[in-house]
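Read through the structure below, which is laid out as structure tokens, and then see the notes.
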Amino acid sequence: DAAIARFEQFQALKRELDEVEEKLADRKVIERAKGILMQTRNLSEEEAYRALRKQAMENNARLAEVARQVIAVASLMTS
């Protein structure tokens, strides 16, 4: 019983760690996309974040996914 409980606790911690790592990765992508918008559209940080959020809401998409799309388009434009 103790081994099973410890295993379940370990699995819960691992899931939590995975979630935190994913959130951190998403945050980095969002920050990069904000930077691109700030530079290319001459927006403030708040305006860039609002633009990302608005696009995410309009497309019923996650904010991180919209940020990845912004980064992909920017890389196409600079290539």
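Averaging 1/r across all pairs of distinct Cα atoms in the chain and inverting the result yields a Kirkwood radius of 14.4 Å. Counting protein heavy atoms only, the chain has 54 percent of its accessible area on carbon and sulfur, 1.4 angstrom probe.
Peptides 46-55, 15-24, 1-10, 31-40: what's the order by average Cβ count within 10 Å, highest mean first? It would help to have the intermediate numbers written out before the result.
Values: 46-55: 15.9, 15-24: 10.2, 1-10: 8.5, 31-40: 17.5.
Result, highest mean first: 31-40, 46-55, 15-24, 1-10.
Return, ordered by residue number, the residues of region 53-68 whose backbone nitrogen is under 16 Å from a label point located 7 Å along Cα→Cβ of ARG27. Once the point is set 7 Å along Cα→Cβ of ARG27, 63-64 turn out to lie under 16 Å by backbone N, inside region 53-68.
Given a 1.4 Å probe and the protein chains as shown, SER44 ends up with an accessible area of around 50 Å².
Positive contributions from Lys and Arg (+1) and negative ones from Asp and Glu (-1), summed over other residues with Cβ under 10 Å from the Cβ of VAL66, come out at +2.
For a test of the definition: using alpha carbon positions, the gyration tensor, and the 1.5 limit on a/c, classify region 21-62 as rounded, prolate or oblate. Here region 21-62 falls in the oblate category. Once the Cβ-Cβ distance of ARG62 and LEU17 is raised to the sixth power relative to R0 = 22 Å, the FRET efficiency obtained is 0.65.
Length gained on full extension, THR78 to GLN9, computed as 0.36 nm times the residue gap minus the Cα-Cα distance: 20.1 nm.
The values are calculated or read from the model by the stated rules, or taken from the named source; none is laboratory data. Everything numeric in this text was worked out from a predicted model, so none of it was measured. Note: ideal-geometry Cβ built from the backbone for every residue, glycine included; neighbour counts use all protein chains shown. Surface areas here come from the heavy atoms of the whole protein model, side chains and all, with no ligands, DNA or RNA. Shrake-Rupley method; radii C 1.70, N 1.55, O 1.52, S 1.80 Å.
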